[in-house]
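What follows is a single structure, written as structure tokens, with notes after it.
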Amino acid sequence: MSPTITTNEGHLKYQFRSLEKLPVKIWEDSVAASAHVAKSIALAIRQKQQEGEHIVLGLATGSSPIGVYKELVRMHREEALSFANVITFNLDEYFPMPPNAQQSYVRFMHEYLFDHVDIPPKNINIPDGTISMEEAEAYCEAYEKKIKLVGGIDIQLLGIGRTGHIGFNEPGSWQDSQTRLVRLDNMTRTDAIKDFLKADAVPYRAITMGIGSIMQARTIYLLAWGHHKAAILRKAVEGAVSSSVPATFLQKHPNAKVVVDKAASVELSRIKTPWNVGMCEWDDELISKAVIWLSQKLQKPILKLTDNDYNDNNLSELIIEYTTSYDLNIKVHNRLQHTITGWPGGKPNVDDSRRPERAQPAKKKVIIFSPHPDDDVISMGGTFLRLVEQGHEVHVAYQTSGNIAVHDYDAGRFIEFMREFGASSDILKDDAEQFISKAEQSLRKKTLGQPDIPAVRKIKGIIRRGEARAGARLCGLSDDKIHFLDLPFYETGSTRKKPLSKKDINIIAALMEDIQPHQVFAAGDLADPHGTHRVCLNAIFGAFNQLKEKDWMKNCWLWLYRGAWHEWPIHEIEMAVPLSPAELYKKRRAIFMHQSQKDTPPFPGDDEREFWQRAEDRNRGTAASYRALGLAEYEAIEAFRRWKF
Ligand code: F6R
């Protein structure tokens, strides 16, 4: 087959073969990708308008299409895009589900799109979550008929669930399935806990359009953002068509397009192992990636890899460039070796040309930004301890209050404490008493998923502040170095947050201006498009941008750590800080200070391990990977990547 020139996605110079059975376009981020999809939809709407026809859109909910809806709303406002000729059919709705519930897809659609554009209400169709079980069959049939009656769907938007579902067509759904009542997969229900706040509040069922209904659409866009979608995306795009990954049925559609951000693309063969599908544009990072991959695949330390190992695994290109495996192995081994340092703030009075951090100034000013009040110790507790012990001026800044992640019963306990304390010491003034009563009553009357009133949020925030202080003090900080930023974007009382604003960025910038740090550490979860960590990181990027002309900024380095869920791939690590068993134990104690997050925090995700266990497993895992590659054996390693602007 003759080679095809690829786009500038990834490191491929020429692609000899593709394992992708669907056309995939990779965008730098979900904002750019969403704008592209919105533009195509707008174009189609306008074309139909010119022809005096209506257009039928199939719409999805969830985090994936939000950016597209935002952009469509913007075009309506600023570019006079009208929705007067648009008819919509939503893919699905939980069952049972009243339309006015916080989690209903009716509410979602109005909040993100319908309330902001001129679509005629009669043109909106969303499966009704209030019908009875007995009515379901006839209702679903009628929904299908209605789609056909208006001429079928022109453009269908889809997200993909981690089960591989499209709509709520879970594994096992058959190819010609139609709109129907279905049971939700356990993984899907777990992912929905973030919206329902409690596992047993997530419905077991949903009404969904079928695979067959989706396949009838003339054009399909499947959207996937974030690292957590990478593995399933690869299966959907490169895997065999099978009902165990329902999204693979899209491979049979003549006009299905997959639109992803970089984070969701990382498992695709052309990104993960480009040398297996074509000829690469080699740079140092890709070379490390390939050599580490080979070493891990063959379970051989890097320095033991032979020319044959490279030749037999599609990496002969590298040997040609480097003449022998010997030189190549040493190059990558040394590169990794130089990432290891017990001096995260730089080692004074030594040659620092090959060290991750500068030797000067010997005593640095450091800010550790922590999105929630516990990410500092979970993600970099050992490094935090070292920085303090090595005499740097360390500050920790908690970006959000973290109040929504406190159980009601914990808030209740603290209220009781305040009451009894007040009764015995008459400290409580009248207004404080009123404040507590308000909080107490609201908790008593609170229904599931209802956002907390400000008084309750305040109490929950104070609980987390106390824990954060205890953790930071254990790492050796005095109270004047502990900062609570309570960024406004977070303060909604529910999982849906406000967009990042100038106010948030200014708060970060003001603290940085005040301290003028040499080092900033931040949670670098670039992969999580809508989560709090990503927003907190954007706030820091915004502040760096705002301050970039300042003199002191020339000496300010930004180091990124990863949150509780996953670590940097080894080839991306630029500073690896080893921890001794004793340091790891002290880190565990710092994490224990966060009592409200112990056992089962309100948002546990799909990982049942406690935070200290996840942190230790991850840090031990990184150490084991270094060891297996042939480097020294450590108890645990915390990893960082430097962000260069
Ligand atoms: C939503 C829907 C689902 C979601 C999928 C991904 O209407 O049908 O298939 O598209 O669960 O959800 P997000 O986008 O929240 O990751």
(request) Calculate, in whole percent, how much of the Cα-Cα pair population of the stretch 1-107 lies beyond 20 Å. (result) 57 percent
(message) Please report the antiparallel percentage of DSSP beta bridges with both residues in the stretch 22-258, rounded to the nearest 5.
(response) 35 percent
(request) For the stretch 118-126, just list the computed ³J(HN,Hα) in residue order, Karplus coefficients 6.51, -1.76 and 1.60, θ = phi - 60°, integers in Hz, with x standing in for Gly and Pro. (result) 9, 6, x, x, 5, 8, 8, 10, 9
(message) With bins 10 Å wide starting at 0, give me the P(r) of the stretch 570-645 over every alpha carbon pair, in whole percents.
(response) 18, 41, 32, 10, 0
(request) Mind scanning 331/587; 272/331; 148/498 and naming the pairs with a C-alpha gap bigger than 27 Å? (result) 331/587; 148/498
(request) Name the residues whose placed amide hydrogens come within less than 5 Å of the amide hydrogen of residue 278, ignoring near sequence neighbours (fewer than 5 apart) on the same chain. (result) 16
(message) So with the 1.4 Å probe, I'd like the accessible area per residue for the stretch 22-258, rounded to whole Å².
(response) 42 Å²
(message) So with the 1.4 Å probe, I'd like the accessible area per residue for the stretch 570-645, rounded to whole Å².
(response) 45 Å²
(message) When 1/r is averaged over all different Cα pairs and the result inverted, which Kirkwood radius in Å belongs to the chain?
(response) 27.0 Å
(message) Tell me the accessible surface of residue 16 in square angstrom (1.4 angstrom probe, heavy atoms of protein chains only), to the nearest ten.
(response) 90 Å²
(request) Could you tell me whether the stretch 216-335 comes out rounded, prolate or oblate from its Cα gyration tensor? Rule is a ≥ b ≥ c as square roots of the eigenvalues, rounded for a/c under 1.5, then prolate if a/b exceeds b/c, otherwise oblate. (result) prolate
(message) Helix-only mean residue ellipticity at 222 nm, the chain, DSSP H runs n ≥ 4 weighted -39,500 (n - 2.57), per residue, nearest 500. What is it?
(response) -13000 deg cm²/dmol
(message) Suppose accessible area is computed on protein heavy atoms with a 1.4 Å probe; arrange 213, 18 from highest to lowest.
(response) 18, 213
(message) To make sure I understand the rule: partners must be lysines, Cα under 16 Å from the Cα of residue 363, and not fewer than 8 residues away in the same chain. Which ones qualify?
(response) 347, 481
(message) In whole percent, and with a 1.4 Å probe on the protein chains, what portion of the accessible area of the stretch 22-258 is carbon and sulfur?
(response) 54 percent
(message) If you consider only alpha-carbon coordinates, what radius of gyration and Dmax does the stretch 274-337 have, in Å?
(response) 10.4, 30
(message) Two decimals, Cα atoms only, Kirkwood Rh: what is Rg/Rh over the stretch 104-187?
(response) 0.96
(request) Enumerate the whole-percent occupancy of each 5 Å bin, from 0 to the last occupied one, for all C-alpha pair distances of the stretch 487-557. (result) 3, 17, 26, 23, 16, 9, 4, 1
(request) Only Lys, Arg, Asp and Glu count, each charged at its Cβ (+1, +1, -1, -1), so figure out the dipole size of the stretch 292-432 about its Cα centre, rounded to 20 debye. (result) 760 debye
(request) Name the residue farthest towards the positive end of the dipole of the chain from the options 147, 482, 640, assuming +1 on Cβ of Lys and Arg, -1 on Cβ of Asp and Glu, about the Cα centre. (result) 640
(request) Determine the share of the stretch 486-541's accessible area contributed by carbon and sulfur atoms, expressed in whole percent, with a 1.4 angstrom probe. (result) 54 percent
(message) Is there a quick way to get the dipole size of the chain? I mean about its Cα centre, with the Cβ of Lys and Arg at +1 and of Asp and Glu at -1; what is the value in debye to the nearest 20?
(response) 480 debye
(message) Using a Förster radius of 41 Å, what is the FRET efficiency between residue 133 and residue 284 based on their Cβ-Cβ separation? Nearest 0.05, please.
(response) 0.10
(message) Treating the stretch 131-244 as a set of equal point scatterers at the Cα positions, no solvent, please give the Debye-formula log₁₀ I(q)/I(0) at q = 0.15, 0.17, 0.24 Å⁻¹.
(response) -0.74, -0.94, -1.43
(request) Calculate one ³J(HN,Hα) per residue across the stretch 160-175 by plugging θ = phi - 60° into the Karplus curve 6.51 cos²θ - 1.76 cosθ + 1.60, and present them in order as whole Hz with x for glycine and proline. (result) 10, x, 5, 7, x, 6, 10, x, 10, 7, 7, x, x, 5, 8, 5
(request) Please report the relative contact order for the stretch 3-148, taking Cα pairs under 8 Å with a sequence separation of at least 6, and give it as a percent rounded to a whole number. (result) 19 percent
(request) May I ask which residue of 192, 228, 544 lies farthest towards the positive end of the charge dipole of the chain, with charges of +1 (Lys, Arg) and -1 (Asp, Glu) on Cβ and the Cα centre as origin? (result) 544
(request) Nearest 5 is fine: what % of DSSP beta bridges in the chain come out antiparallel, could you say? (result) 35 percent
(request) Determine the per residue accessible area of the stretch 274-337 with all protein chains present and a 1.4 angstrom probe, expressed in square angstrom. (result) 48 Å²
(request) First compute the accessible area of the stretch 274-337 with a 1.4 Å probe, then give the percent of it belonging to carbon and sulfur atoms. (result) 47 percent
(message) Charges on Cβ only, +1 for Lys and Arg, -1 for Asp and Glu, centred on the Cα centroid of the stretch 22-258; of 58, 99, 38, which one is farthest towards the dipole's positive end?
(response) 38
(message) Give me, ordered by chain and number, the residues 5 or more places off residue 557 or on other chains with an amide H under 5 Å from its own placed amide H.
(response) 519, 520
(message) How high is the relative contact order of the stretch 274-337? Use alpha-carbon pairs under 8 Å, at least six apart in sequence, and give a whole percent.
(response) 33 percent
(message) Taking 8 Å as the Cα distance limit and 6 or more residues as the minimum spacing, I'd like the relative contact order of the chain as a percentage.
(response) 13 percent
(request) In Å³ and rounded to a whole number, note down the convex hull volume per residue for the Cα atoms of the stretch 22-258. (result) 118 Å³
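The values are calculated or read from the model by the stated rules, or taken from the named source; none is laboratory data. From a predicted model like this one, the values you see are computed outputs, not experimental measurements. Glycine gets a Cβ as well: all are built from the backbone with ideal geometry, and neighbour counts include every protein chain shown. All accessible areas refer to the heavy atoms of the entire protein, side chains included, with ligands and DNA or RNA removed. Shrake-Rupley method; radii C 1.70, N 1.55, O 1.52, S 1.80 Å.
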